[in-house]
Amino acid sequence: MNNSVPIQESEARIPQSNIARVYDWNAPVYDIWGTLTESKARERAIELAEIRDGLTIFEVAVGTGLAFEEIVRRNPHGKNTGIDLSEGMLARARKRLQPYENAYFTLAKGSAFDLPAASSTIDILFNNYMFDLMTPADIDRALDEFRRVLKPGARLVLVNMTKGEQPGSSLYERIYRLFPALLGGCRGVMLSERLQEHGFTVVTREYRQQMLFPSEIILATKAG
Ligand SMILES: C[S@@+](CC[C@H](N)C(=O)[O-])C[C@H]1O[C@@H](n2cnc3c(N)ncnc32)[C@H](O)[C@@H]1O
């Protein structure tokens, strides 16, 4: 094993068939990780999305609802849908959203490859820290599905673990090499080019590093 060679996008080490099990197992501690290392990137994603009340918003891989709570809070009269493969993560999201019972939202088990939405019906699609655990072929499949459900010109807001740009960030590559499940299977990806290949226009791509953990935040629109 050569530790100086960066982890490649082809090195997704947890197959999709194991993801629900890994995240059911991670669910009880996920919020500690998600708050310490990812909260700044998640907050920036919400800002970039410019949510107005009344929109149709979808969050794919909603996890424990760390972003979804803020989405529903800003869009209580719109239509909010969150899906995830892991029932353990969803159970925590349902609990987090209990105070918002008067808002319009649904949380359900579902896959990024087969979204429960008609074509061209979504105003904003959020997806945080999911592509960084997928193979390139699965990334392509999910991006095609995202494109299908978004309205022309609609916004896609993504956050992912990315390649480190500042000192210290290689720590997580070292952890991934030894214990990929400890990072929930996530390794750094850079998605701007791939988005363009799938018919999206990248409006902005920003880098955030928190507790040495490197994230990219991308705002893209569905090209007409
Ligand atoms: C690292 S967690 C991120 C959770 C949440 N988005 C957040 O930022 O806190 C990754 C999540 O992606 C979900 N996931 C992975 N592959 C998926 C797929 N194909 N469809 C739906 N959810 C998926 C996992 O179950 C897990 O909850």
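Miscellaneous remarks
- Any chance E216 is of a type in the set (D, E, K, R), closer than 30 Å to V29 by Cβ and either outside any loop (DSSP other than H, G, I, E, B) or more than 15 Å from the chain's Cα centre (by Cα) (or both): yes
- Within the range 15-33, the set of residues being surrounded by fewer than 20 Cβ atoms within 10 Å (Cβ to Cβ) and within 27 Å of V149 (Cα to Cα) comprises P15, Q16, S17, N18, A20.
- Set R174, R141, R194, R187: member being over 24 Å from I46 (Cβ atoms), surrounded by fewer than 18 Cβ atoms within 10 Å (Cβ to Cβ) and in contact (Cβ under 8 Å) with a residue 40 or more places away in the chain: R174
- Residue pairs whose Cβ atoms lie under 6 Å apart, sitting 6 or more positions apart in sequence or on different chains, and linking a residue in the range 81-96 that is of a type in the set (G, A, S) to a partner that is open to solvent by 20 Å² or more (accessible area, probe 1.4 Å) and near the ligand (Cβ under 9 Å from one of its atoms), are S86/A20; S86/Y23; S86/D24; G88/D24.
- Residues in the range 167-206 that are touching a helix residue (DSSP H, G or I) at 6+ places or on another chain (Cβ under 9 Å) and hydroxyl-bearing (S, T, Y): Y172, Y176, T201, T204.
- When S10 is tested against (1) surrounded by 13 or more Cβ atoms within 10 Å (Cβ to Cβ); (2) at pLDDT below 95; (3) under 24 Å from A220 (Cα atoms), only condition (1) is not met.
- Checking each residue in the range 16-62 for being within 11 Å of the ligand (Cβ to nearest atom), within 24 Å of K222 (Cα to Cα) and either of a type in the set (S, T, N, Q) or in contact with a helix residue (DSSP H, G or I) (Cβ under 9 Å, 6 or more places away or on another chain) (or both) picks out R42, E59, V60, A61, V62.
- Residue under evaluation P167, criteria (1) open to solvent by 40 Å² or more (accessible area, probe 1.4 Å); (2) at positive phi; (3) in a loop (DSSP other than H, G, I, E, B), criterion not met: (2)
- Candidate set: the range 67-111, residues that are outside any helix (DSSP H, G or I), open to solvent by less than 10 Å² (accessible area, probe 1.4 Å) and under 16 Å from F126 (Cα atoms); chosen: the one farthest from the ligand (Cβ to nearest atom): G78
- Options T35, T64; residue that is farther than 23 Å from E101 by Cβ, free of Cβ contacts under 8 Å to residues at least 60 places away in the same chain and of a type in the set (S, T, N, Q): T35
The values are calculated or read from the model by the stated rules, or taken from the named source; none is laboratory data. No experiment lies behind these values; they were computed from the predicted model shown. Here Cβ is always computed from backbone atoms with ideal geometry, including for glycine, and neighbour counts include all displayed protein chains. The accessibility values were calculated without ligands, DNA or RNA, using every heavy atom of the protein model including side chains. Shrake-Rupley method; radii C 1.70, N 1.55, O 1.52, S 1.80 Å.
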